[in-house]
Amino acid sequence: MAEVKVIGSWSSPYTRKVEMALKMKGVEYDYIEEDLKNKSPLLLQHNPIHKKVPVLLHNGKPIVESMVILEYIDEVWEGPAILPKDPYDRAMARFWVKFIDDKCIPPMWKACWSVGEEQEKLKEEAKQGLKFLENEIKGKKLFGGDNIGIVDHAANFIAYWFPITADFVGLQRLMTEEEFPNLYRWADDYCSHTFVKENLPDKDGYIAILKSRYRSIIIWHYLSLINYVTFLVRSPHAFPIYEYEFK
Amino acid sequence: MGEVKLLGGLGFSPYVNRVEMALKLKGVEYEPIAEDVKNKSPLLLQHNPVHKKVPVLIHNGKGIAESLIIVEYIDQVWQEGPPILPKDPYQRAMTRFWAKFIDEKCIIATWKACCSTGEEQEKSKEESMEALKFLEDEIKGKKFFGGENIGFVDIAANFIGYWLPIISEVKGVQLITEEKFPNLWRWMNDYCNDNFVKGILPSKDALVERFKSK
């Protein structure tokens, strides 16, 4: 099927899910790492509208938006199905993908980088979303059933990136095992799945990126007097120098 | 092909209208069920417990929500009748991309550009202009976004084609003009005057009344 390239970002869950989908189908591809602070002509040429990764290049033609890419991969290449074949099940899968993208991930991510009342509001919003997911995964190994499907890929941030980020910033009690036992169990099953395990960015590498990319936000919290103590008390390891001083 | 009901039918929502367009394109008989959004029916709450919104398509007792997801479902289930999405995988991907772009970048921005005030309105006007420029480029040289016939993206763009000019008129905020967006302007006219589309759109007067109060 000739030339396949992925333009992506090492730490991005959106890039990883595209790579996982290609690997599950046994597709060989070239990977091109993009420096998001200095976007390449290649990226700007192939995604002029959003200027974002991931971009799949198939025989020189670009496809963008991770879920659009996953549907494309599923239609073009043989191998384990990413979406169900039955029309109703496909519609349900697309529904949950949209729900995760629109209602779960944004408040979860924003909650990591806010404080005080705003954070509490975002946590509540995220929990409302997670409650529906908790219900949906009950009795199923993975959202895709026995095998990884598009909904599992859509939720990869929730399974892996979110717990690390939340721990790093000291965000507590958003997705706990007590409140979301089925989701917790799913996250574990997902991250230990053969294909997934080998394709996740390592934890330390991801934390290093969080530190460097979000340094300005961390400094903002530090400088803001009201937020300073709150942030510090909850997340000493985000700022190692204070971990030393306050031990 | 079994029993088909559409919750939200007979109303003014562009999202419900998308589904009506798809059903009528495929010649599917269905029962439209009006829904009072201020007094949601048990049927709606049962079949869309997550969002509690219309449209919901109920096919053989199973509910599907989210307008574009419903349209893709209709395209897949009713194979007789004109295709709504292209067959070629790359064309399908492009179609899905543009539908998503319209939903995420055009509709909210243009709505706010017309209906909000102050700084939010100015920001939304700028965002709208940027987004509409991409649509302008995309429709160049094509009768419809779907080519010779109405397709998935034309259905997704129904708000831009019909609702937006009406809201613009009511609120006195002109976004799409013939000078600024000649191709989009031409598409809007072709779209609204298309015999098939014309028969499915809600009455302009009724919409004007609704938007006057918003």
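Peptide A:101-108 has a mean shielding of 1, counted as Cβ atoms of other protein chains within 10 Å of each residue's Cβ.
Do any of A:Lys211/B:Lys123; B:Lys38/B:Lys87; B:Lys123/B:Lys180; A:Lys121/B:Lys212; A:Lys121/A:Lys197 go past 29 Å between their Cα atoms, and which?
Values: A:Lys211/B:Lys123 31 Å; B:Lys38/B:Lys87 40 Å; B:Lys123/B:Lys180 18 Å; A:Lys121/B:Lys212 33 Å; A:Lys121/A:Lys197 33 Å.
The answer is A:Lys211/B:Lys123; B:Lys38/B:Lys87; A:Lys121/B:Lys212; A:Lys121/A:Lys197.
Taking the accessible area of the stretch A:117-217, probe 1.4 Å, and keeping the other protein chains in place, the carbon and sulfur fraction comes to 46%. What whole number of Å gives the distance from the Cα centroid of the stretch A:99-177 to the Cα centroid of the stretch B:145-170? Taking the Cα centre of the stretch A:99-177 as reference, the centre of the stretch B:145-170 is 35 Å away.
Ordered from longest to shortest, the equivalent ellipsoid semi-axes for the protein assembly as shown are 38, 26, 25 Å, each the square root of 5 times a Cα gyration tensor eigenvalue.
For the stretch B:115-214, the spread of Cα coordinates along the three principal axes comes to 41, 30, 22 Å, biggest extent given first.
Applying 1/(1 + (r/R0)^6) with R0 = 41 Å to the Cβ-Cβ distance of B:Leu10 and A:Glu198, what FRET efficiency is obtained, to the nearest 0.05? Working from the Cβ atoms, E equals 0.20.
Accessible surface buried by the B/A pair amounts to about 2400 Å², both sides summed, 1.4 Å probe. Here is the P(r) of the stretch A:8-167: all C-alpha pair distances, binned every 5 Å from 0, give 1, 8, 16, 20, 18, 17, 11, 6, 2, 0 in whole percents. Accessible surface computed residue by residue for the protein assembly as shown, with neighbouring protein chains in place and a 1.4 Å probe, gives 48 Å² per residue.
For the pair B:Lys24 and B:Glu169, what calculated FRET efficiency results from E = 1/(1 + (r/R0)^6), where r is the Cβ-Cβ distance and R0 = 25 Å, to the nearest 0.05? Numbers along the way, then the final one.
Working: r = 26 Å, r/R0 = 1.06.
Given R0 = 25 Å and the Cβ-Cβ separation, E is 0.40.
Taken one residue at a time, the phi angles of the stretch B:154-165 give Karplus couplings (6.51, -1.76, 1.60, θ = phi - 60°) of 4, 5, 5, 8, 4, 4, 5, x, 10, 5, 4, x Hz. Gly and Pro are set to x. Amide H contacts under 5 Å for B:Val56: B:Leu7, restricted to partners 5 or more places along the chain or on a different chain, H placed in the peptide plane at 1.01 Å from N.
If packing is taken as the average count of other Cβ atoms within 10 Å, what order do A:79-86, A:166-173, B:202-209 fall into, highest mean first?
Numbers: A:79-86: 15.4, A:166-173: 17.2, B:202-209: 13.0.
Going from most to least packed, we get A:166-173, A:79-86, B:202-209.
Using a 1.4 Å probe over the heavy atoms of the protein chains, calculate the carbon and sulfur portion of the accessible area of the stretch B:32-91 as a whole percent. With neighbouring chains kept in place, the figure for the stretch B:32-91 is 56 percent.
The values are calculated or read from the model by the stated rules, or taken from the named source; none is laboratory data. Computed from a prediction, not measured in an experiment: that's the story for all the values here. Heads up, the Cβs are rebuilt from the backbone with ideal geometry, glycines too, and the neighbour counts pull from every protein chain shown. Accessible surface areas use protein heavy atoms only, side chains included; no ligands, DNA or RNA. Shrake-Rupley method; radii C 1.70, N 1.55, O 1.52, S 1.80 Å.
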